[in-house]
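J.: Take this structure, written in structure tokens, and hold onto it; I'll ask about it next.
The values are calculated or read from the model by the stated rules, or taken from the named source; none is laboratory data. Keep in mind it's a predicted model, so treat the numbers as computed, not measured. Methodologically, a virtual Cβ is constructed for each residue, glycine included, from the backbone with ideal geometry; neighbour enumeration extends over all protein chains shown.
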Amino acid sequence: RPVVTRPEAQVIDMSSRSNTLADREIVPSEQTFGFLGLGMMGSTIVKDLIYTGHKVVVWNRTIDKCQPFAEAGAEVKDTPMDVVEAADVIFCCVSDPKGAKDLVFGNCGVLQLKDLNNKAYVEMSTIDPDTSLDIGEGIKQCNGRYLEAQIHGSRQEAADGMLIILAGGDRSVFEECHSCFKTIAKNTFFLGNIGNACKVNLILQTILGVSLVGLAEALALADRFSISLNDIIDIFDLTSMKSPMLLAKGKEMAKGDFNPQQPLSHMQRDLRLVLNMAENLDQSMPVTSITNEVFKHTKRLGYSEHDSSAVFVRSRF
Ligand code: NA7
């Protein structure tokens, strides 16, 4: 098995601004916003919130990642609980449902505070509806208000302020987050009860995952015929099948450039969550099941941290 080089660690450029911010009139809310999780998505979001004048308090498991945000004006806290104490609205943006639950129910987690005093908790980590219901219940039992605000989009779309926010839960929290959402997203939807936004987000991810595997297999076949992948992509661009996403991913596959815009491990996590949801409903999803297997295998080949388009590597075997 060939040795796979990990993608270079991505670094947030604190001085860069998304071009879109110049066209948006943003009046920052006077509330204090807490932020748990400064991964690639969280960092990009917090950077823009600070830039648009929001008061921000941050925490990250790996504390070193907080340093540039302290220099940019954010307050840094030692635990998630400390962030909750200091903020009115707390966003969480970590890798997966387990991490999201740990931050709420775990040691030094949000609920250690016992009385949240009507504070708002906003879950941005990609999670399944059941996890969201559990977190929402925990927050409400401690006198807090809960909103799931799933962020749909790639790391580049986050950097461009072009995410789509899918929200469900407490409408008053949704309104209070208006200036934050306007900073980071091109569109924001309120979809009703807790769980609805998670469902919609995962349904969109199903379309993306299945499409990527189809694209990868088709390009792998072209490669076997020694047909230029760039020619295929140029012709694809002229068809009614084209989409900005598939064109971008096709170009990445042709170049072998798998710089993570949406890590492959996140794509496979989403497919797993989709299949769990489907299982509970006895909903048959054979194509999604196979798609999940394809992503799982690509992970085993060492491409977890690469972009989802690295699924092409597996298709070429
Ligand atoms: P990254 O860049 O992989 O960052 C993941 C973040 O999640 C990072 O801050 C991690 O802390 C944090 N994390 C992961 N697990 C835990 C646990 N158990 N406890 C605390 N913190 C944790 O992901 P992205 O920023 O691209 O994506 C984040 C979410 O946005 C994800 O759900 C996407 O689907 C949408 P670390 O720095 O490793 O200490």
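J.: Give the residue, chosen from Y121, Y146, that is in contact with a Cys (Cβ under 8 Å, 6 or more places away or on another chain), within 25 Å of D78 (Cβ to Cβ) and either in contact (Cβ under 8 Å) with a residue 24 or more places away in the chain or surrounded by fewer than 23 Cβ atoms within 10 Å (Cβ to Cβ) (or both).
T.: Y121
J.: Anything in the stretch 38-47 that is closer than 15 Å to V76 by Cβ and in a helix (DSSP H, G or I)? List them, or say none.
T.: G42, S43, V46, K47
J.: While we're looking at this one, here's another question. Taking the stretch 1-37, which residues are more than 23 Å from the chain's Cα centre (by Cα) and outside any loop (DSSP other than H, G, I, E, B)?
T.: Once the filter is applied, which keeps residues that are more than 23 Å from the chain's Cα centre (by Cα) and outside any loop (DSSP other than H, G, I, E, B), the stretch 1-37 yields A22, D23.
J.: Moving on to the next point. Can you name the residue in the stretch 182-195 that is assigned to a helix (DSSP H, G or I) and touching a helix residue (DSSP H, G or I) at 6+ places or on another chain (Cβ under 8 Å) and is also nearest to I135 (Cα to Cα) among such residues? Full working, then the answer.
T.: Kept after step one, since they are assigned to a helix (DSSP H, G or I), are these residues of the stretch 182-195: 182-184.
With the extra rule that they be touching a helix residue (DSSP H, G or I) at 6+ places or on another chain (Cβ under 8 Å), the set shrinks to 183-184.
Details: T183: 25, I184: 24 Å.
So, considering only residues that are assigned to a helix (DSSP H, G or I) and touching a helix residue (DSSP H, G or I) at 6+ places or on another chain (Cβ under 8 Å), the one nearest to I135 (Cα to Cα) is I184.
J.: Here's another thing I want to ask about it. Among the numbered criteria (1) surrounded by fewer than 17 Cβ atoms within 10 Å (Cβ to Cβ); (2) among the acidic types (D, E); (3) away from the ligand (no atom under 16 Å from the Cβ), which single criterion is violated by E8?
T.: Of the numbered conditions (1) surrounded by fewer than 17 Cβ atoms within 10 Å (Cβ to Cβ); (2) among the acidic types (D, E); (3) away from the ligand (no atom under 16 Å from the Cβ), the odd one out for E8 is (3).
J.: Okay, next question. Take the conditions under 16 Å from the mean Cα position of the chain (by Cα) and surrounded by fewer than 23 Cβ atoms within 10 Å (Cβ to Cβ) and apply them to T188. Does it pass?
T.: In short, yes.
J.: Sticking with this one: Return yes or no: is L271 in contact with a helix residue (DSSP H, G or I) (Cβ under 6 Å, 6 or more places away or on another chain), more than 18 Å from K199 (Cα to Cα) and of a type in the set (A, V, I, L, M)?
T.: The answer is no for L271.
J.: Can I ask one more? Counting only residues that are within 16 Å of the ligand (Cβ to nearest atom), aromatic (F, W, Y) and modelled with pLDDT of 95 or more, give me the helices (runs of 4 or more DSSP H) lying completely in the stretch 196-308 with at least 1 of them.
T.: 286-298
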